[in-house]
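What follows draws every value from the coordinates through simple rules; no lab data is involved. If you're wondering where the values come from, they're calculated on a predicted model, not measured in any experiment. In this analysis, Cβ positions are derived from the backbone assuming ideal geometry, glycine residues included, and neighbour counts consider all displayed protein chains.
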Amino acid sequence: MGFGSYDESEQKDQNVDTDEDDGVAVHENDHEGEVSFETDASTDELLDKLGDIREES
């Protein structure tokens with residue numbers, strides 16, 4: 001005995017017509033470049049802040 005009922009005719013043809021050209025282009029929006037920022041904090045201050053963040057996790 002199964003869970004619920006189904007029409008066995010729906011199980012016959014499970015081939016799907018697809019067009020491979022309609023896929024998602026995963027590299028369509030790739031960007032190359034650099035990120036930079038300026039801060040008034042010293043390296044030691046930044047490392048201390050990183051330590052605080054790690055302790056919170």
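The length gained by stretching the chain between residue 36 and residue 56 to full extension, at 0.36 nm per residue less their Cα-Cα distance, is 4.6 nm. Distance between the 7 Å Cα→Cβ label points at residue 44 and residue 21: 6.4 nm. Each peptide among 42-54, 22-34 gets the average number of other Cβ atoms lying within 10 Å of its residues, and from highest to lowest they stand as 42-54, 22-34.
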